[in-house]
1. Looking at residue 2, is it at pLDDT below 80 and either aromatic (Phe, Trp, Tyr) or touching a strand residue (DSSP E or B) at 6+ places or on another chain (Cβ under 7 Å) (or both)?
2. Quickly run through the stretch 25-48 and pick out the residues that are surrounded by 12 or more Cβ atoms within 10 Å (Cβ to Cβ) and in contact with a helix residue (DSSP H, G or I) (Cβ under 9 Å, 6 or more places away or on another chain).
Amino acid sequence: MSIIVSCPTCRQPVCWSPAAPFRPFCSERCRLIDLGEWAAGSYAIPAEPASQDDGALPLPPARPETDA
């Protein structure tokens, strides 16, 4: 039994099976459109801003580049 889902980009029906290589997207085009939206910052996962004293260790200072 296969499940039919909607493509997140264009809402076309997609059969959720190994025969659909771009699932949950209907095509590579829709997959790349979605990837571009994430890369452009159009999508974001909501989170609370980190406080200054969140218990995280500070990053070490950057090493100066040396010519070898």
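The values are calculated or read from the model by the stated rules, or taken from the named source; none is laboratory data. Being a predicted model, the structure only gives us computed values, none of them experimental. Reconstructed Cβ throughout: ideal geometry from the backbone, glycine too, with neighbour counts over all protein chains shown.
1. Working: at pLDDT below 80: yes; either aromatic (Phe, Trp, Tyr) or touching a strand residue (DSSP E or B) at 6+ places or on another chain (Cβ under 7 Å) (or both): yes.
Taking the combined requirement at face value, the residue satisfies it.
2. 25
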